[in-house]
Amino acid sequence: MRDHDALDHNPNVHKSALEALHGDLFGWALSRCGYNEATAEDLMQQAYVELLSGKARFDNKSTLKTFVFGVVQNLARSRFRKQNTRLRLVESYVAEQETVGEDNHELNNLKTVWEAVESLPQRQRDITELVFIRDMTIGEASQVMGVSVGTGRAHYDRAKKSLAEKLARLHPELST
């Protein structure tokens with residue numbers, strides 16, 4: 001007898017597991033489309049349709065989180081093939097924090113760090129976001145990005161070195 005929580009056309013995916021991933025997945029969808037909420041909602045809806053219909057079929061070769069993030073990544077790539085997406089996290093965070101009245105020194109430090117992240121090449125930005133913001137391992141992030149773990153580690157290592165150099169050069173107080 002089949003578990004009633006599993007999807008009809010994707011029996012290895014459970015509704016409750018998708019619900020648990022929804023917030024992080026929506027954040028990933030937002031970052032894939034330049035933080036345009038309407039577009040992110042469209043991506044999410046399209047991803048759920050692919051999962052519900054069985055067009056995107058989960059076969060337990062990775063974690064569900066990695067698989068679903070990869071579905072959104074692939075949908076975004078096909079949708080925005082000619083556009084470069086940028087992290088808009090700093091801008092939205094800065095705007096939100098300014099209305100709350102946070103300490104400007106801390107805010108400037110955070111903005112500086114994310115401006116440095118935004119200046120990285122696309123794959124280095126992606127792996128940085130997936131590892132630090134979306135709480136994935138380098139292996140999981142590599143799967144989402146469609147690269148080998150070795151390539152993911154190389155992008156991750158280059159991103160860390162590049163960020164350390166940029167921050168040390170621009171703001172020595174942030175690199176200690």
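The values are calculated or read from the model by the stated rules, or taken from the named source; none is laboratory data. This is a predicted model, so every value here is computed, not measured. All Cβ positions, even for glycine, are placed from backbone atoms using ideal geometry, and neighbour counts span all protein chains on display.
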Inset, instruction - For region 32-55, name all the residues that are surrounded by 14 or more Cβ atoms within 10 Å (Cβ to Cβ) and among the hydrophobic types (A, V, I, L, M, F, W, C). - result: C33, A40, L43, M44, A47, L51, L52
Inset, instruction - Output yes when any residue across region 50-58 is modelled with pLDDT under 90, part of a helix (DSSP H, G or I) and either basic (K, R) or within 23 Å of I133 (Cα to Cα) (or both), and no when none is. - result: no
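I'd like to know if region 22-31 contains one or more residues that are over 30 Å from E118 (Cβ atoms), surrounded by fewer than 18 Cβ atoms within 10 Å (Cβ to Cβ) and not hydroxyl-bearing (S, T, Y).
Checked region 22-31: no residue is over 30 Å from E118 (Cβ atoms), surrounded by fewer than 18 Cβ atoms within 10 Å (Cβ to Cβ) and not hydroxyl-bearing (S, T, Y).
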Inset, instruction - Return a yes/no flag: does region 123-143 have any residue that is among the charged types (D, E, K, R), part of a helix (DSSP H, G or I), surrounded by 14 or more Cβ atoms within 10 Å (Cβ to Cβ) and more than 18 Å from the chain's Cα centre (by Cα). - result: no
Inset, instruction - Test R77 against the criterion of being in a helix (DSSP H, G or I) and either modelled with pLDDT under 90 or out of contact with any helix residue (DSSP H, G or I) (no Cβ under 6 Å at 6 or more places or on another chain) (or both), and give yes or no. - result: yes
